[in-house]
Every structure is written in structure tokens, then in C-alpha cells.
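K.L.:
Here you go, one structure.
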Amino acid sequence: MKYRTLGRTGVQVSQLCSGTMSFGGDADEAASGEMFKAVRDLGINFFDTADQYSKGRSEEILGKLMRGAREDLVVATKCFNASGPDVNAKGSSRRHVSRAVEASLKRLQTDRVEILYLHMRDPLTPIDETMRALEDVVRSGKVLYPALSNHSAWETQAALAAQAANGWARIEAIQPMYSLVKRQAEVEILPMAAANGISVFPYSPAGGGLLSGKYADKAAQGRLVTNKMYTARYGEEWMHETAAAFAGFCKQRGLHPMSAAVAWVAAHPAVTAPIIGARSTEQLQASLDAVKIPMTPELYAEMAALSRTPHAATDRLEEQKK
């Protein structure tokens, strides 16, 4: 396992991040424990969770599994989504962020998390208020590094500007969606992160499982079929055509499509570590094997050519053809 630097912090994180969204949901406590052991045995030291995952059970299970190893781990969690029925039990206000952090630390059985992501942008809360909320939890020692998930490039840049103007701890990580069938991040998010020295930890590197090859069988069952959010997210015909072409390409090259999908995302120069997850150790293995693929520039380009390249950030598209 190789290690890379988290933003400008000097902290070293593994080249793959172990996502725990399935803990307490698709994976029961026993299966979660098996996956935790499998990734730790390979040297993964970086774990990603959220207060929303399985209504807090993901954090609770991860907290139990971390016992005895906490000082060797880098832990990231998130807040924003509703944590209860009260109208203020959500969002990115100082009120909610402070309470959400306390609740997460209790579930994780730890005194701090290395990274706290704001899970989504809060349209009701000004960016200065939200960044002050992050500064508060950083100064308290309960969070070491602020981070953003699912924010646009301009929103992230605005957050950085507010932090710089006030001398607050800066954003050190972002978490965008990124895969061969979701490449919008290439236009502005990834260049912005590289320019600012921010780490990028993409989620869904295999397109929610679409790129695994599983859904080539029309009778296949899974969240792309049963979960309305994923059905909508990956429902465009061209995405399924890309997945089919990718599966065929991988078969010709003797590559597991899940391994190749994760390796392709990891090879982008702005990406620090993709987030991988699964329901079982058997399913997880293909993602772990991504580190074994020698991703040459030629192989990367061939894979990229199988999908749609997003348009440039301006309308001067003719310049892309030069």
C-alpha cells in the first residue's frame, strides 16, 4: 500500500480510502468487521463514514472496530443531513454542526475526527457562517481538518476565501462524485483542487456498480435497480453503453472491470485516493485489487475514450480541437 499527503497537512493517507456506507445496512456487524480486517491487513489507514449512513450505525460499528487501533487511523465523517425530526436538526449552521460533531464523536467513541465534511451545500446558511462553524470545531480540537463534499468549484473557492480573510483553518479535502460515467468534476472541481493543494477523495469510482459489468445481465438485481436515486443517477442510455464497452475492453485486457474502474479514477493527477466500499469481503476484493493495475498513460487514455468527455468550462469548444 502506498501513502499520499492529505492536502497541505503532512498527514499520510493510504492510496485507497475504505468507505463504510454499507456498515450497519447492506453489511451487518460481522460482515463489516471482516471488511475492516481485510483493508487493515492491506495497510489501509483511512476510513470514511457519515452521520447519515444507516442512521448512525455506520459510525457506531466503525467506532467499535477502531478500538485499539485509533491512533493508527485517519477518520473522516460528515454532517448536514437531518439527524432528527426538529426543523434545526440539519444543515450547516453553527448550531447544527456543533451538535452533529458531538453526536458523531460519541458514536465513534473517539475524541476527534481528522476530517469533517459538510455533506452537501446548505442554501439557507451563508458561507461565512458555515466556515465559522468549522473553525469552532477545529479550535475545540474535535475536528482537525475542514472539508467539503458535493460542493461545486465556486462554492469551494468561496469557502477558501472566507477562511483566508478571517485567518481560519482552510479546506484540506473535497469529496466529489467521479467515475468514467460521471466526469463533470474534470471541468472545474479537479483543476480547482489541484491549484489549491486540496486533496480529492472521489466516491462511487465504479459508477454505483454500473461499471462492474454486473448490470450487463438485464435480470441483475442491485441498487441501480432497486434504489430510485441510483436508477436516476445512472439511468441515461449512454452510461449503460459505456459500461458495456468498458466491460468488453476489460475482458480483452484480462482486467476485472471493478478493479480497472477504481484504478482509472485513482490515476487522475488531482485525485489523492478513491473511496471504495462493498457489502462483503468477496465483493470488496476487486476494488482492493485496483492497486495492482499498472495504469500507464496509454491505458488511461484508452479507457477515457470509452466514455463522454465533458465540455470545457467556457463555450470556446473549438480550441479543444487544436
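The values are calculated or read from the model by the stated rules, or taken from the named source; none is laboratory data. As the structure is a computational prediction, the values presented were derived from the model and not from experiment. Counting neighbours? That spans all protein chains shown, and the Cβs are built from the backbone with ideal geometry, glycine included.
K.L.:
So, in the range 152-186, how many residues would count as being assigned to a strand (DSSP E or B) and either β-branched (Val, Ile, Thr) or over 19 Å from the mean Cα position of the chain (by Cα) (or both)?
P.N.:
Our first condition is that a residue be assigned to a strand (DSSP E or B); within the range 152-186, this holds for 173-175, 177, 179, 182.
Those still in the list that are either β-branched (Val, Ile, Thr) or over 19 Å from the mean Cα position of the chain (by Cα) (or both) too: 174.
Result for the range 152-186: 1.
K.L.:
Follow-up question, since we're still on this one. Could you list, in sequence order, the residues of the range 117-137 that are surrounded by fewer than 22 Cβ atoms within 10 Å (Cβ to Cβ) and over 21 Å from the mean Cα position of the chain (by Cα)?
P.N.:
Pro123, Leu124, Thr125, Pro126, Ile127, Asp128, Glu129, Arg132, Glu135, Asp136
K.L.:
For the range 1-48, which positions are part of a strand (DSSP E or B) and under 20 Å from Ala194 (Cα atoms)? Break it down stepwise before answering.
P.N.:
Narrowing the range 1-48 to residues part of a strand (DSSP E or B): 3-5, 12-14, 17-19, 23, 27, 46-48.
Tyr3, Arg4, Thr5, Gln12, Val13, Ser14, Cys17 - these are the residues of the range 1-48 that are part of a strand (DSSP E or B) and under 20 Å from Ala194 (Cα atoms).
K.L.:
Next question, about the same structure. What's the number of the condition Val225 fails, among (1) outside any helix (DSSP H, G or I); (2) more than 30 Å from Thr125 (Cα to Cα); (3) β-branched (Val, Ile, Thr)?
P.N.:
Unmet for Val225, out of (1) outside any helix (DSSP H, G or I); (2) more than 30 Å from Thr125 (Cα to Cα); (3) β-branched (Val, Ile, Thr): (1).
K.L.:
Can you list residue pairs whose Cβ atoms sit under 6 Å apart, with the first residue in the range 229-258 being under 13 Å from Leu180 (Cβ atoms) and of a type in the set (Val, Ile, Thr) and the second being at pLDDT 95 or above and outside any helix (DSSP H, G or I)? Count only pairs 6 or more apart in sequence or on different chains.
P.N.:
Thr242/Val181; Thr242/Leu306; Thr242/Ser307
K.L.:
Another question, then. I need the full set of residues from the range 13-36 which are touching a residue at least 60 places away in the same chain (Cβ under 8 Å) and of a type outside the set (A, V, I, L, M, F, W, C), in order please.
P.N.:
Going residue by residue through the range 13-36, those that are touching a residue at least 60 places away in the same chain (Cβ under 8 Å) are 13-22, 26-27, 31, 34-35.
Passing the criteria: Ser14, Gln15, Ser18, Gly19, Thr20, Ser22, Asp26, Glu34.
K.L.:
Also: Mind listing just one residue for me: the one in the range 1-13 that is crowded, with 21+ Cβ neighbours inside 10 Å and of a type outside the set (Val, Ile, Thr) and, of those, nearest to Ala286 (Cα to Cα)? Steps first, answer last, please.
P.N.:
First pass over the range 1-13, keeping only residues crowded, with 21+ Cβ neighbours inside 10 Å: 6-7, 13.
Within this subset, residues satisfying the condition of being of a type outside the set (Val, Ile, Thr) are 6-7.
Details: Leu6: 25, Gly7: 27 Å.
Out of the qualifying residues, it is Leu6.
K.L.:
Might you let me know whether the range 142-149 holds any residue that is modelled with pLDDT of 95 or more, in a helix (DSSP H, G or I) and under 30 Å from Asn45 (Cα atoms)? Show your work before the answer.
P.N.:
Of the range 142-149, the ones modelled with pLDDT of 95 or more are 142-149.
Right, trim to in a helix (DSSP H, G or I) and you get none.
Within the range 142-149 (the criterion being modelled with pLDDT of 95 or more, in a helix (DSSP H, G or I) and under 30 Å from Asn45 (Cα atoms)), the answer is no, since none of the residues qualifies.
K.L.:
Sticking with this one: Between Lys78, Lys64, which is over 24 Å from Ala173 (Cα atoms), of a type outside the set (A, V, I, L, M, F, W, C) and at pLDDT 95 or above? Full working, then the answer.
P.N.:
Values: Lys78 fails: over 24 Å from Ala173 (Cα atoms).
One residue alone meets the criteria, Lys64.
K.L.:
Tell me which residues, restricted to the range 82-108, are within 21 Å of the chain's Cα centre (by Cα) and either among the acidic types (Asp, Glu) or surrounded by fewer than 17 Cβ atoms within 10 Å (Cβ to Cβ) (or both). Step through it out loud before you land on a result.
P.N.:
If we filter the range 82-108 for residues that are within 21 Å of the chain's Cα centre (by Cα), which is where we start, we get 82-83, 90-92, 97, 100-101, 104-105, 107-108.
Within the range 82-108, Ala82 is the sole residue that qualifies.
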